[in-house]
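K.L.:
The structure under discussion is supplied below as structure tokens; questions concerning it will follow.
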Amino acid sequence: MVKKIFILTILFCVSCSEPLKQPPENLIPQEKMLAIYYDLAVLTALNNMTPATLKNQDIELMDYLYKKHDIDSITLSQSNTYYASLPDVYDKMFDSIQIKLENKVEEINDSRKNQSQTMGK
């Protein structure tokens with residue numbers, strides 16, 4: 001009886017685990033994906049804060065990203081799906097993007113402080 005339960009437990013665990021996705025042939029390297037996600041975050045924030053900025057420049061957000069990074073929507077989608085199938089990797093990628101964004105905000109704030117201090121003198 002114990003053997004049957006053990007075997008059933010093993011079979012259940014194996015059947016529930018989803019195999020890792022195979023990387024697509026045209027997988028975007030992780031560093032490039034980080035750059036794409038970063039640009040997407042910055043442009044999305046810009047578009048949300050001042051929608052007219054991109055519109056006045058005739059910039060379509062995703063088209064701009066595709067051209068800048070020399071990719072297409074299918075390649076981006078397949079690469080994103082692959083990285084999303086690796087939760088630990090995906091989380092680390094977005095953690096590093098968040099840190100980069102926070103550092104950029106701090107850099108901009110410091111620059112503004114220095115500018116206002118210089119003008120106040």
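K.L.:
Kindly indicate whether residue 7 is surrounded by 12 or more Cβ atoms within 10 Å (Cβ to Cβ), out of contact with any helix residue (DSSP H, G or I) (no Cβ under 6 Å at 6 or more places or on another chain), more than 19 Å from residue 94 (Cα to Cα) and modelled with pLDDT under 95.
P.N.:
no
K.L.:
Checking the condition part of a loop (DSSP other than H, G, I, E, B), modelled with pLDDT of 95 or more and within 24 Å of residue 101 (Cβ to Cβ), which residue from 36, 71 passes?
P.N.:
Residue meeting the stated conditions: 71.
Per-residue answers, yes or no, for (1) within 12 Å of the chain's Cα centre (by Cα); (2) of a type in the set (Asp, Glu):
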site: 48; (1), (2): no, no
site: 51; (1), (2): no, no
site: 58; (1), (2): no, yes
site: 62; (1), (2): no, no
site: 83; (1), (2): yes, no
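K.L.:
Quick one: is residue 82 touching a residue at least 24 places away in the same chain (Cβ under 8 Å) and either assigned to a helix (DSSP H, G or I) or surrounded by fewer than 15 Cβ atoms within 10 Å (Cβ to Cβ) (or both)?
P.N.:
When the stated conditions are applied, residue 82 passes them.
K.L.:
Show the residue pairs meeting these rules: Cβ distance below 9 Å; 6+ apart or different chains; first residue within region 101-118 and among the aliphatic types (A, V, I, L, M) and at pLDDT 85 or above; second residue part of a helix (DSSP H, G or I) and surrounded by fewer than 10 Cβ atoms within 10 Å (Cβ to Cβ).
P.N.:
none
K.L.:
What do you reckon, is residue 21 surrounded by 10 or more Cβ atoms within 10 Å (Cβ to Cβ), within 26 Å of residue 79 (Cα to Cα), among the charged types (D, E, K, R) and at pLDDT below 80?
P.N.:
In short, yes.
The values are calculated or read from the model by the stated rules, or taken from the named source; none is laboratory data. Owing to the predicted nature of the structure, the values given are computational and were not obtained by experimental measurement. A quick note on method: Cβ atoms are made from the backbone with ideal geometry, for glycine too, and the neighbour counts reach across all protein chains shown.
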